[in-house]
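Mind having a look at this structure? Questions to follow.
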Amino acid sequence: MAAAARQPAEVQVYDAIIVGAGFSGLYQLHKLRDELGLRVRVLEKGDGIGGTWHWNRYPGARCDSESYYYCYSFNKEIEQEWEWTERYPEHPEIRRYLDFVATRLDLKRDIQLSTEVTGARFDKARNLWVVATRSGERFEARFLVTAVGCLSTANVPKIPGLETFAGQWYHTGAWPHEGVDFTGKRVGQIGTGSTGIQAAPVIAEQAGHLTVFQRTANYSIPARNRPMSPEESREIKASYPEIWEKARSATNGHPFDVATRGALSVPEEERQAIYEQAWDRGGLRFRASFSDILLSQAANDTASDFLRRKIREVVKDPEVAERLTPRDHGFATKRPPIDTNYFETFNRDNVLLVDLKEEPIVEITPRGIRTTKGEYELDIIVFATGFDALTGPLLSLNIEGEEGQPLRKAWAEGPRTYLGLQTPGFPNLFMITGPGSPSVLTNMPIAIEQHVDWITACIRHMREEGLERIEAKPDAAENWVAHVNEAANATLLPMASSSWYLGANVPGKPRVFMPYAGGMARYAGICSEVARDGYRGFALR
Ligand code: N01
């Protein structure tokens, strides 16, 4: 890719540095370079573009949003030319799509791969960011835009003895590009979130034996993946203007209607029929069956009970079914997974479920995993244990603000942002889908495009007005954090105590509800209003 000679001692000067070459970084590069004419460099840690999809190549990895709207909406030609082959795109197809976009827009020449940002500090005398990389390069730029994704810092739990394990172990979010051969192997998988639920059925088909170590039982809706027919594809392409309009006006960036009726407003029989229909259709849309599934406990109970019954119907052994049944949280209060044959997998002879609530892990031994009840011998351990979500990817950049204060310190009690776009004390730093924005509660490309468009318009404004510096005001951030809490508390989301939305999956992480739960359309409206009001809440000079 970009072939500029790398000279460790020399400072390379740009108008903007973007960190990350996934969905966000690619679009931000296009906007700043091709619309504003800025000199831009994208620094990407991986040896390929694709962000999340570069790293997450575990068995069964495919997107939970449907392909026809898990993509960019800003370019008509790309939208019309690209052909999705399945209802949900598998990881190689998403990488091919992003490569197609990057080639079409000639983005690669400004992307520097295998370049890990190890530090960034704001030079307040010159109003610019000084960025350092692992290989010793130095960059300077007026603007620093993080496009690092929300789920890119792998969480490998500190289980004693891991270093003694004689077999191989892998985290799903850093999967070997050459794949892993499970043939005839005894595999242990820790974790039953969206990732584990996608991976287990595929691993079970290949492995000699699979043991799934489950800490918290999860709900899951069948994905009902299938090939896209040419007619379907044609119809979708003809309706894109309406599809995008719907996605942007929705609460979660998905182009489907959320029912306006409440779950308890219809008789039991009709409610069950609605759930059955949603179950047969499959996918994340299940939670749109009623308007109040995430607002009313009684409504949520009806969905949760329906899904618990489905587990009992699918899983033949009643004891295993009971262990697989979530009792501690309501449906969709944690990010709901979708699956292909997840619960069915536990009917296989070569699959065993270990409930870590009954027998917690004590240690990893050279031979496998030892719980309080015994040792499970394994050749391979798969950590499907999730991520240090939302804040982890930002904190790992070692960013220091204008007074030299580390971001890690500024966020010791949890992320403090204004609109999830900026944080006080860190001028000219923009975060795409940062904590405090709807991000992971939405269909990501919609949230990404909204942020990139807003950031681009803001930088355009600054250049037109001859401004050098923009910073979120402390009181604006304080009010926004309060509003983020208020929006979360108006829903049932904070009630799932083991949720990564709250940082609960990482020991020692502050328990703060991080994404904005007030809805994508409402959020986008607030951002537009703020800009129209002369960037209310930001200090510009
Ligand atoms: O991670 P998770 P994920 N000992 O945090 C368990 C997106 N995504 O990678 O619930 C034992 O959800 C943990 O248990 P508990 C999507 O937004 C998207 O699955 O904390 N177990 C849980 O079961 C998703 O929500 C797609 O008690 C431990 C699991 O590991 C997000 O990524 C596909 C443990 C982690 O689940 C994250 O999903 C996949 C320990 N010490 C993911 N630590 C697509 O759209 C953690 N666990 C394709």
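Which of the following residues is touching a residue at least 12 places away in the same chain (Cβ under 8 Å), over 24 Å from the mean Cα position of the chain (by Cα) and not in a strand (DSSP E or B): D34, D15, D47?
D34
So which pairs qualify, if the first residue must be in region 160-184 and more than 16 Å from the ligand (Cβ to nearest atom), the second must be among the charged types (D, E, K, R), the Cβ gap must be under 7 Å, and the two must be at least 6 apart or on different chains?
If the second residue must be among the charged types (D, E, K, R), the pairs left are A166/R367; G167/D379; H177/R57.
Looking only at residues that are surrounded by 16 or more Cβ atoms within 10 Å (Cβ to Cβ) and polar (S, T, N, Q) in region 238-254, which one is farthest from the chain's Cα centre (by Cα)?
For region 238-254, the residue satisfying everything is T251.
Now for a different question. Just to verify a result, which residue in region 74-109, among those that are part of a loop (DSSP other than H, G, I, E, B) and within 19 Å of the chain's Cα centre (by Cα), is surrounded by the most Cβ atoms within 10 Å (Cβ to Cβ)?
Only one residue fits best here, namely P89.
To keep it simple, each residue is scored yes or no on (1) within 16 Å of the ligand (Cβ to nearest atom); (2) under 30 Å from I380 (Cα atoms); (3) part of a strand (DSSP E or B); (4) not hydroxyl-bearing (S, T, Y).
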| site | (1), (2), (3), (4) |
| --- | --- |
| P201 | yes, yes, no, yes |
| E205 | no, yes, no, yes |
| L210 | yes, yes, yes, yes |
| E231 | no, no, no, yes |
| R234 | no, no, no, yes |
| I243 | no, no, no, yes |
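Search region 484-507 for residues being assigned to a loop (DSSP other than H, G, I, E, B) and aliphatic (A, V, I, L, M), and hand back the single one that is surrounded by the fewest Cβ atoms within 10 Å (Cβ to Cβ).
Out of the qualifying residues, it is A490.
Another question about this same structure. Tally the residues that are under 19 Å from P201 (Cβ atoms), away from the ligand (no atom under 15 Å from the Cβ) and assigned to a loop (DSSP other than H, G, I, E, B), restricting the search to region 347-378.
The number of residues fulfilling the criteria is 4.
Mind listing whichever residues of region 212-229 are assigned to a loop (DSSP other than H, G, I, E, B) and within 16 Å of the ligand (Cβ to nearest atom)?
Residues satisfying the conditions are R215, T216, A217, N218, Y219, S220, A223, R224, N225.
Looking only at region 300-346, filter to residues that are of a type in the set (A, V, I, L, M), assigned to a loop (DSSP other than H, G, I, E, B) and within 22 Å of T211 (Cα to Cα); which one of those is farthest from the ligand (Cβ to nearest atom)?
Across region 300-346, the extreme among qualifying residues is V315.
Okay, moving on. Restricting attention to region 158-187, which residues are crowded, with 16+ Cβ neighbours inside 10 Å and part of a loop (DSSP other than H, G, I, E, B)?
I159, F165, G167, W175, V180, F182, K185
Here's something else I'd like to know. As an exercise: evaluate Y376 against (1) under 20 Å from A141 (Cβ atoms); (2) crowded, with 18+ Cβ neighbours inside 10 Å and give the number of the one condition it does not meet.
(1)
Out of all the residues in region 379-425, which are assigned to a helix (DSSP H, G or I) and within 16 Å of the ligand (Cβ to nearest atom)?
Residues satisfying the conditions are G392, P393.
Would you mind finding the one in D257, D280 that is out of contact with any strand residue (DSSP E or B) (no Cβ under 9 Å at 6 or more places or on another chain) and either at pLDDT 95 or above or loosely packed, with under 12 Cβ neighbours inside 10 Å (or both)?
D257
Return the pair list, or none, for Cβ contacts closer than 9 Å from residues in region 86-97 that are without any contact (Cβ under 8 Å) to a residue 60 or more places away in the chain and of a type outside the set (S, T, Y) to residues that are surrounded by fewer than 17 Cβ atoms within 10 Å (Cβ to Cβ) and not in a helix (DSSP H, G or I), at least 6 apart or on different chains.
E93/T85; E93/E86
Still on this structure, I have one more. Is there a residue being of a type in the set (S, T, Y), in contact with a helix residue (DSSP H, G or I) (Cβ under 8 Å, 6 or more places away or on another chain), touching a residue at least 60 places away in the same chain (Cβ under 8 Å) and under 30 Å from V40 (Cβ atoms) anywhere in region 484-507?
Taking every residue of region 484-507 in turn, none turns out to be of a type in the set (S, T, Y), in contact with a helix residue (DSSP H, G or I) (Cβ under 8 Å, 6 or more places away or on another chain), touching a residue at least 60 places away in the same chain (Cβ under 8 Å) and under 30 Å from V40 (Cβ atoms).
Could you tell me which numbered condition V481 fails, if it satisfies all but one of (1) more than 16 Å from the ligand (Cβ to nearest atom); (2) surrounded by 15 or more Cβ atoms within 10 Å (Cβ to Cβ); (3) not in a helix (DSSP H, G or I)?
Every listed condition holds for V481 apart from (3).
The values are calculated or read from the model by the stated rules, or taken from the named source; none is laboratory data. Owing to the predicted nature of the structure, the values given are computational and were not obtained by experimental measurement. With ideal geometry, Cβ positions are generated from the backbone for all residues, glycine too; neighbour counts draw on all protein chains shown.
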